[in-house]
1. I need the phi-derived Karplus couplings for the stretch 294-304: 6.51 cos²θ - 1.76 cosθ + 1.60, θ = phi - 60°, integer Hz, Gly and Pro marked x.
2. Taking H placed 1.01 Å from N in the peptide plane, check which residues at least 5 places from Phe238 or on another chain put their amide H under 5 Å from its amide H.
3. Using protein chains only and a probe of 1.4 angstrom, how many square angstrom of Phe377 are accessible, to the nearest 10?
4. Starting from the Cα of Glu459, step 7 Å along the direction of its Cβ; do the same at Ser300; then give the gap between the two resulting points in nm.
5. What does a probe at Arg97 reach in the stretch 116-158, counting residues whose amide N is under 20 Å from the point 7 Å along Cα→Cβ?
6. If you find the alpha carbon centre of the stretch 549-563 and of the stretch 427-446, how far apart are they in angstrom?
7. Excluding ligands and nucleic acids, what accessible area in Å² is computed for Ser240 using a 1.4 Å probe, to the nearest 10?
8. According to the square roots a ≥ b ≥ c of the eigenvalues of the Cα gyration tensor, what is the shape class of the stretch 48-156, taking rounded for a/c under 1.5, prolate for a/b larger than b/c otherwise, and oblate for the remainder?
Amino acid sequence: QQQQQQQQPLQRQRQLQRPQQQHEKCDATRVGFMKPTVAQVLAAVRSLYEDELRPYGRILLKRIRERAAIAAAKAAGLLEAKPDVDGVALIDPKYLRRVCEHCSVFIVEPAEGKEYSVTLAGHRGVFVDPCSPRDPYPGQLWSEAADYFESLDSDKGRLPSGRYACAQVLFARHLPFMRGRSLGELCHIVQLAISQKKILGYLEGQLVPYSQSEECTKERCAVRQQPIGTAAEATLPFASWDQVRSGLLEILDVSQSPGPGMITLSNVKRLFRSQLNLELSETVLGYSRVGELLQDARLSGVCAVRAMGNGQTMVQRVDLLHPMSHAPFCGGIDPLLLQQQQPQQQQQQQQQPLQRQRQLQRPQQQHEKCDATRVGFMKPTVAQVLAAVRSLYEDELRPYGRILLKRIRERAAIAAAKAAGLLEAKPDVDGVALIDPKYLRRVCEHCSVFIVEPAEGKEYSVTLAGHRGVFVDPCSPRDPYPGQLWSEAADYFESLDSDKGRLPSGRYACAQVLFARHLPFMRGRSLGELCHIVQLAISQKKILGYLEGQLVPYSQSEECTKERCAVRQQPIGTAAEATLPFASWDQVRSGLLEILDVSQSPGPGMITLSNVKRLFRSQLNLELSETVLGYSRVGELLQDARLSGVCAVRAMGNGQTMVQRVDLLHPMSHAPFCGGIDPLLLQQQQPQQQQQQQQ
């Protein structure tokens, strides 16, 4: 130890000299590059914290140059001019990383690939993940965003293709529906507008309204089976399905690169032109993408499309694939490795007849086991399932398992009514035996007509092999319907009497009732569209609402009543008959402190939102009425500014909403959680954070 202590000053001196030497070496090789100081880097990182953007290396480089351009513009007195970022010298990425790594203010952590992030020691920050597929934004935002982008002219409608640059342009426009959003949230909104909402798309390397984008044009051409762009001017004849099939066999038969019987997806069109003198147009054959075209059932015996681990997509001859690998590659398994597995494959092929026999016996045994435990359940045939799936295709409804169960029973009830001669009577669906969900899924999985795909949770969808279908998403917040429809719908529902004005609470069942009424303003709409209209009428338009487990005109709904009571600051329902006194703002504040102080479940200083009213009654002998205090929801009440120093409301990853004491939250986490991070984890990280701060 004494020897180490003696050597420490010398080692420390060498460490201090090393960064300087490395910087000088870097400067010698990268002449003319900007050399940001620690102060400049720190200011840039802090600005990214304010924007809720994680300071990754690539974005930190941009931000430093942006701030340098703004400083240069101010120095020149050009306050109104747009900062000239291109006029600022580039920054050596290696130099920037070394500056961050040799400064104790920063924590440098590796990220995906060669990327890294730079955070402030002792400050975790709250960052928005722009790549997250989760949509936490209200439907009204998407509706206004769609209207805004569609209304833009050709000049303002062309935006930078980069997510960050596009968000900066929108941020500078101070759009009303984006007010209060951070730059990080705008990056996320741009990403969702491209990837999910079909509000923005690409055209000639720029972002434009989706209706003007290349993808939208291709989809239109695919529906009409017409060529697109340069393909429309092609001198070569377009390939038919027979020519595509024979052409792929010919091309794959002679291909040796990147492996025998393999070609990259990006080369398919070029090879059709150079080797076959044919133009392969996916839109002429009804598809908007070549990859989807090559997965059509008509080519199932010719080729398979595989995503590789290196980011490339391969097209390979089916007869060269491993016998058990007819599903798309997961994890980037290299097909070239299959050649090394031939001895093992031959052994497996010899065992296949016996294995196949066992597989054929197993579904039957499983069905028998299922039937033995679920006596009296209906056992639909493949023909019944197929007819139900086709009817859902006609209704533009994706055949999810839960809706497929309903549709099979509905069709069975109609058939029974016809057989009994009760053509005018309403089919008695409740009189039809239930269907075992597990049995139905096994029937679909063991029939080659269907493609069974997992969906959210334990749900699954059943589609027809070779038929993609066009389905309406009833949960989409986007409103594609004309204003006239909503005006007539509002007038219609408000005119209904107490009998016709009460509708089933389920979106699907309500849409069926409206479909059967043949309403003029719904004429020509599919059942799928009616489901979507019902959803928007509840979630956005305030045309329908809930009352006693049924859908009613919004003016008669519980939510509307609560809003009226909140405006008048009056109690509602059972609260109006309460014997306990109503809590005032001071009592709510002191009561929450008292409840949270003793609470240990689900964590110290935490309670679930659903338990707040009960705990006020049981522990404080007070009735907490949100409407008396001017709110229609308890969650909104607890986010009032008067309680900002007492508690915070947090949405958790498990679907629950928590109320937590503010003084137990991390100093940098006063914004709502993104991604459902559990606050309990923060307490487990305190020793590690203290150790980092000491170091």
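1. Each residue of the stretch 294-304 in turn: 6, 9, 5, 4, 5, 10, 5, x, 9, 8, 9 Hz.
2. Glu279
3. My reading of the accessible area for Phe377 is about 60 Å².
4. Distance between the two pseudo-spin positions: 2.6 nm.
5. 116-121
6. The distance from the Cα centre of the stretch 549-563 to that of the stretch 427-446 comes to 34 Å.
7. 50
8. Oblate.
The values are calculated or read from the model by the stated rules, or taken from the named source; none is laboratory data. Just so it is clear, the structure is predicted and the values come from calculations on it, not from any experiment. As a convention, Cβ positions derive from the backbone with ideal geometry for all residues, glycine included, and neighbour counts pool all protein chains shown. Surface areas here come from the heavy atoms of the whole protein model, side chains and all, with no ligands, DNA or RNA. Shrake-Rupley method; radii C 1.70, N 1.55, O 1.52, S 1.80 Å.
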